[in-house]
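Here's the structure we're looking at; comments come further down.
The values are calculated or read from the model by the stated rules, or taken from the named source; none is laboratory data. Source: prediction; values computed, not measured. Note that we place each Cβ from the backbone using ideal geometry, even for glycine, and neighbour counts take in every protein chain shown. Accessible surface is based on the protein model in full, side chains and every heavy atom, while ligands, DNA and RNA are left aside. Shrake-Rupley method; radii C 1.70, N 1.55, O 1.52, S 1.80 Å.
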Amino acid sequence: MYQIIPYTPKPTWNKGKLIGQKLPLKLEEIWSIRTRLDISNNLRELTMFNLALDCKLRACDFVKLKVRDIAHGTTVQSRAILVQQKTGKPVQFEITPKTRVAITSWIKSNYLRTSDYLFPSRVKNSEHLSTRQYSRIVKRWVTSIGLDPTAYGTHSMRRTKASLIYKRTKNLRAVQILLGHTKLESTVRYLGVEVDDALELSEHTDI
């Protein structure tokens, strides 16, 4: 006789996981992570963290940055431009003084040439840091300060400064340019500004 085995449905891939947009970091969280990296003398990740916040690039573009993309000779630029892999269009970004100091130290300490990737991979078969490795590093950063790693990711680094700029200025057009979005609607959806603004209005309405 055949034995009838009851069917047990497999759990959905996202069960117990947060999906959707990853949260941006708050100012106090930025400084907590930065301080930890500084104290631990982790120049590689401190440079990575500062630059990721400044450049607001997608992970696929960030990991492929080369020294020549952000420096002329030994001088790190205050502004840089990069053609985005996803859109094929250029986007400009600023590099703040503290980030330039970290990058300069990183390049010198690793004897990087202009043609080298800024963040070489530590895996033999890869020339540069992979998006998966980058994602794991970001998870480690947020976990180190007690945040839920499922709520944050590489897009958190891209969204953080853009979100802070919008909250301070409400200038969507400026944020659109900084993120390299073609349509303003994309920026609205990316930041979730309609939801945030609605919640902020609700929070300040006492009834």
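Okay, here's what the table says:
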item	result
Overall dimensions of region 78-179 as given by Cα atoms, namely Rg and Dmax in Å	15.8, 45
Heavy atoms of GLU45 accessible to a 1.4 Å probe, total area in Å² rounded to 10	10 Å²
Cα convex hull volume per residue for region 17-84 (Å³)	133 Å³
Which of LEU65, LEU184 is most accessible, then next, and so on - probe 1.4 Å	LEU184, LEU65
Label-point gap, in nm, between THR131 and CYS60 - each point 7 angstrom along Cα→Cβ	0.5 nm
Accessible area of ASP38 in the full protein assembly, 1.4 Å probe (Å², nearest 10)	90 Å²
Sequence-distant lysines (8 or more away, or on other chains) whose Cα lies within less than 22 Å of LYS183	LYS22, LYS56, LYS86, LYS89, LYS161, LYS167, LYS170
Environment charge of ARG122, counting only residues whose C-beta is closer than 15 Å and scoring Lys/Arg +1, Asp/Glu -1	+2
Residue-span extension gain [ASN42 to THR150] - 0.36 nm each, minus C-alpha spacing	36.5 nm
Student exercise, region 20-98 dipole from Lys, Arg, Asp, Glu Cβ charges, in Debye to nearest 20	280 debye
Solvent-accessible surface ranking, highest first, for HIS181, HIS155, HIS72 at 1.4 angstrom	HIS72, HIS155, HIS181
Solvent-accessible area per residue, Å², over region 53-110 with all protein chains present [probe radius 1.4 Å]	49 Å²
